[in-house]
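So the structure is just underneath, and the comments pick up after that.
Only the coordinates and a few stated rules stand behind these numbers; no lab work does. If you're wondering where the values come from, they're calculated on a predicted model, not measured in any experiment. When we count neighbours, we look across all protein chains shown, and the Cβ atoms used for this are built from the backbone with ideal geometry, even at glycine.
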């Protein structure tokens, strides 16, 4: 049995695909996942499954989710080891954090081709893509406050890299990683 985290794209964002977490947990359980836990309302789902069952589970999940939300949201699946490795890589070690900076991880559906030269900058929104993981399946972005608000990297990343993505702030990612490290018995 292996631990996984599903980072779902476009769940409970701006009134789109509004889903109760109890319903989402039910969909994952019906698809064959075990020890299903959700974290906050944005579609972060932790679960256990036999590795060989993942393609079947994803196929089942997509069907159930289509019925639940009327569409088939992207499911960006990561293993517990990948989430732990992301934290261990300390992707923001060179960024000076503070109240005027927000840190984001953008989970990519696949590695971008070609791999872009970094940093990617969006001066209009004060965004900076500072890294892409060695696997190519996530990027690290910093948003600096401009005109009273922070930019959000998801649309920019999808456009620039040509892949579907979903974004979580660094605080959420670290909390999800802590839940994963506790194991299913303590979640």
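Listing for the model above:
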quantity: Estimated [θ] at 222 nm from DSSP helical runs (n ≥ 4, -39500 (n - 2.57)) normalised by residues in the chain, nearest 500; calculated: -9000 deg cm²/dmol
quantity: Nearest-ten-degree value, helix 21-30 long axis tilted from longest Cα axis of the chain; calculated: 50 degrees
quantity: P(r) tail fraction, segment 1-122 - alpha-carbon pairs more than 21 Å apart, %; calculated: 47 percent
quantity: Estimated Rh, segment 84-179: Kirkwood, alpha-carbon pairs, angstrom; calculated: 13.4 Å
quantity: Calculated diffusion of segment 1-53, Stokes-Einstein form, Kirkwood radius summed over Cα pairs, 37 °C and 0.692 mPa s, µm²/s; calculated: 290 µm²/s
quantity: Burial order of peptide ranges 19-31, 133-145, 113-125, 84-96 (average beta-carbon count within 10 Å, highest first); calculated: 133-145, 19-31, 84-96, 113-125
